[in-house]
Every structure is written in structure tokens, then in C-alpha cells.
1. Would you mind computing, in nm to one decimal, how far apart the modelled labels at N304 and L24 are, each placed 7 Å from Cα along Cα→Cβ?
2. Could you give the length gained by full extension between I205 and N372, i.e. 0.36 nm per residue of separation minus their alpha carbon distance, to one decimal place?
3. Ignoring ligands and nucleic acids, what accessible area does V282 show with a 1.4 Å probe (Å², nearest 10)?
4. If C184, C89 are ordered by their accessible area, calculated over protein heavy atoms with a 1.4 Å probe, which sequence runs from highest to lowest?
5. Amide H to amide H, which residues 5 or more places from R91 or on other chains are under 5 Å from it, using H placed in the peptide plane?
6. I need the peptides 158-167, 198-207, 350-359 ranked by packing, meaning the mean over residues of other C-beta atoms within 10 angstrom, with the highest value on top.
7. Would you please put 433-441, 483-491 in order of how densely packed they are, using the mean number of other Cβ atoms within 10 angstrom per residue and starting with the highest?
8. Once you list every other residue whose beta carbon is under 14 Å from the beta carbon of W218, what net charge do they have if Lys and Arg are +1 and Asp and Glu are -1?
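The values are calculated or read from the model by the stated rules, or taken from the named source; none is laboratory data. Every value quoted in this text rests on a predicted model; they were computed, and no experiment measured them. Cβ atoms come from the backbone with ideal geometry, glycine included; neighbour counts cover every protein chain shown. Heavy atoms of the whole protein, side chains included, go into the accessibility calculation; ligands, DNA and RNA do not. Shrake-Rupley method; radii C 1.70, N 1.55, O 1.52, S 1.80 Å.
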Amino acid sequence: MPSFDEVLKEAGEFGRFQKRVFFLLSQTGITFSSLFASVVFLGQTPDNFWCRIPGAAELSEQCGWTLEDERNFTVLPLHLGNKSVSGECERLDVIWDTSVSCTSPIARYSNHSTGNLPLTPCHENWVYEQPHSSIVSEYDLVCANAWMLDLSQAILNLGFLAGAFILGYAADRYGRILIYLLSCLGVGICGIIVAVSPNFTVFLIFRFLQGMFGKGTWMTCYVLVTEIVGSDQRIVGIVIQIFFTLGIIILPGIAYLIPTWQGIQLAISLPNFLFLLYYWVVPESPRWLLTRKKGEKALKIMRNIAKHNGKFLSPHYSEITISNEEVSNPSFLDLVRTPQMRKNTLILMYAWFTSALIYQGLVMRLGIIGGNLYLDFFISGAVELPAAFLIIVTIDRIGRRLPFAMSNIVASIACLITAFLPEDIPWLKTTVATLGRLSITIAFEVVYLVNSELYPTTLRNFGVSLCSSLCDLGGIIAPFLLFRLAAIWLELPLIIFSILAAVCGLLVLLLPETKGISLPETVEDVEQLPSHFGKCGKKRKHRDTNSYI
């Protein structure tokens, strides 16, 4: 009675079948990263906007004003009287009188200096001057409402968080491929509703739901890919991150070519409907089927994999062995009940939180430092491409733990140096900041792989979901932390990023090394992984197992 890993080796650990499934599922990374970073373009704040006075339409009709005339007569006097007031968030609180002169509607206040006239905050009726529309101009997310733009990204990450728990649990209970397909359907439907939202409340509700389903697609496709390949091929978990980066690179091109935020939203949402076609070409994870006592279905899928890979499974195989751990519905207590599992869980949760907070903070920082947003975003995405290749070159030679730790340490140093470099040498500041972005990208990609390798099959999807939920918590905090601290000092967020990354770099050294070790099937397997003081790279011996037909 062979074990699953033995049958997989005979069927082909990364043959034609796995390569096809890998390529198809990897496309999910493009759509997910576009959703992840879309707020940078959906939420562009117009360069020029101003507040219309009450009754502006009537006054303009009486006097035959154009919008430019209206601005000159009602906003320009405010700016001339007080250079610190631009007319974007405040307006003159006066009675506008055009009965005497359309060219001087505040003539009755001629005895007063314009700078001494009363002001009042503007709450509505803004005029925006920008070729690309955005949710900022659509829902008036400016001035006192500017924080609502931060809220829209926080709500998306809150959806990611909900998806990690709800859909992660569902994928462990009802199957990887079923939840993947339902999530793709949900992303597409919610994305359309977001694009046609009549108000900001509806926008937030369905952006939350799109985030929840989006996390379901990315999470389940990642686990599916890692579960159908052999232990020596799990580097595909890193390669799949390249497609996430491709989405980041493609997004500014989409945003540049499509002039409306609704068009951008549809462009990143509709492709998810195409993934529903995977129902006919991507099978359920055989590892998951075995944990649910569906060994017959698992063996049928393994025979199909072998056939497509040009291999042949022995006809004498009627069952595949699986560990004797009882299958139950997973819970958080399962992740912290034993010493090694508890340590792994707490460190991975912090690593996810730190990686997401710093990564998302550095991405959104592009929107507040000036420059060409489309070009800068494209370059910053292209910088991430070497990350996967650096990991591929090093991770199977020196292991997971050292690159994981070093990438965090380098990111910490780069953020700290960038914060204190003078503005008059921008090339050096940009170079060091780019090094920080590359390093935290490496850390972000390694944590995906390490997380899936440190949990048993029965808890893998739930464990990845729970730990990665801290990634979503970091994403919720990132916009508020970045913009609020940057208002105090532009580089203050970089100091916080540096401290968080340094602590993470030290903590991950305490994790077990998983280089060359089969995916653990039980909690006992995890407890017997080599400690950080032990030798790495040894194959785990098989213990007593039960069979499921």
C-alpha cells in the first residue's frame, strides 16, 4: 500500500499535467494583484478641483458665466485675500449679489478686506478638472471626506480577512476547486456591481465582498498548485508569485488606456468569469480527497495525472495510504495546541502582518511622493520580477529560513537609510528605496511557501488562511498609518517599517527548515520537523498509516 508521495512520484511530480494546471491557476495572480492595488488608480485625487458656492447654477445662468468665469469671480477673490486658502475645501460665507454687477458679486463687501471675509467649510458641489475620472470625483472623497478613500482600501482588506477565515475554512471542508470556482464567480459579480454603484455605501459593501471572494481565489489556487506537485517541485509556489507581479506591471497600462474608474474596475473583474472554465480541466486536490476519506476519487485522479504525464500506475493499486490522524473540522486551537505548531503559527502571523504592511505601504507611498504615477508604478512593479528569480536560485541551495530572514533585514536597513537620505540626491534615494521594495517582496513571497510547508494536509488551507489573515490586518492598517504619519513627517512611516522588518528578520530564524522535506500530513509530522538548531534537508520517515479506499 503506497503512500501518496510514492504514488505522486510514480505518476510524475511535475509533468505535463501539473504544468498545465499550474499555468492555468497562475492567471489568478494577475487578477488578484490588480484588485489588490487597484485603489492607486481608482482613487486618484484630481490635481485641480474647487468648491462651488450655493446657487452657483442660478448665478451662472443670470450672468452667462462659464465655469472658468464662475471660478474667477467666486474662488479667485478668496485666494487673493488669503494665499493659504485655495478654494478647494473652504468657500466665502457671504451673500452673492449679481443685481449690481456680474463681474463683482461681492461688491457690497467693498469696505472689507477679502482676507477678513467669513469662511465656511465646503461639504458638497466640487468641480473637478482631470481627464481620468476616479471614485474621488465620483463620491466627493476630498477635504473632510478624504479619509474615506483610506477606508475604501481598508474595507477591501477587511474583505480579504473575512475571505481568509470563511473561504479558508470552506476550502478545507468542501474542497479546494469548488471554493475556487465559487470565489471566481463572486469576484466577477461583485466587481460589476462595484462599477455601477449608485452611492459610496453600495460601493463599500460590494468592494468588501469582492475582496472576500478575491482572497478565496488566490488562496485556493495557491494551495491547489502546491498540493499536486512533489516536495522537490514546491518552488512553483514561488514562481506563481511572478504572475502576481505581472498583474502589478499590467495595471498601470490598463489605467492609462481606460479613462474612467468604472472601466478599470470592469477590466480587472470580468476576466474572473473565464476561470469558471477550469471546472472541466482542473481536478480536486487528491491530497484533500484522502483527508476526507475519498481515496477512490483520489486514486482515479492520480491515474489521470499519470496518463497525461506519459506514466503508468500499477493496476494493483486499489488504495493509497494516508496518515492515521483523524479528520475533523479545523479550528484555531488545532494550530496552537502543540509547541512546534504554536511557535510556527505565532511567528508566521507576525511575518504575514509585517510583510503586508510594509509592502502595501511602499506601494501606496508612490501616490504621495509626486512624479508620473503610471510610469513610477510600472517601474516599481518591474523591480519585483527579480525577487522570484533570486528566490528560485537560493531557496533550494541554502534553504528557506536564511533568505527569509535576510530579506527582512535588508528591507529594514533600506527603509531606514531612505528615510534619512537628503532630497537633493533623488537617484540615490530612489535606488535604496527600490532595494527595500525588492527585499520586502522576497520576504512576502517566501512566507507563502514556508506557510504551506509548515502545516499538515488536514490543516494546511486553514493554517495558510488564518496566518495570512494577519496580512489583511496589515493591509487594513497600512493606508491609515501611511497617510496619517506622513502628514507629520513624510519619512516617518519608513522608520516604523524598518523596526517591524528587523524584528521579523530575527523571529523567522526560529522556524524549522523545510528544504527537501515532504509536506507534513499530520500534526505529529510538524512536531518532528528539524528544529532551527538541528540539521536540515532530511527526508521524514513514514510511520503507521491507515488506508482509505
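1. Result for the modelled spin labels: 0.9 nm.
2. Details: separation 167, 0.36 × 167 = 60.12 nm, distance 3.14 nm.
Here the answer is 57.0 nm.
3. That residue has around 10 Å² of solvent-accessible surface.
4. I get C89, C184, largest accessible area first.
5. Residues meeting the criterion, in which the H sits 1.01 Å from N, are T120, C122.
6. Values: 158-167: 23.4, 198-207: 16.5, 350-359: 25.7.
Top of the packing list down: 350-359, 158-167, 198-207.
7. Values: 433-441: 23.6, 483-491: 14.3.
Averaged packing, sorted descending, gives the order 433-441, 483-491.
8. On the way: positive: R176, K215; negative: E445, D472.
That works out to 0.
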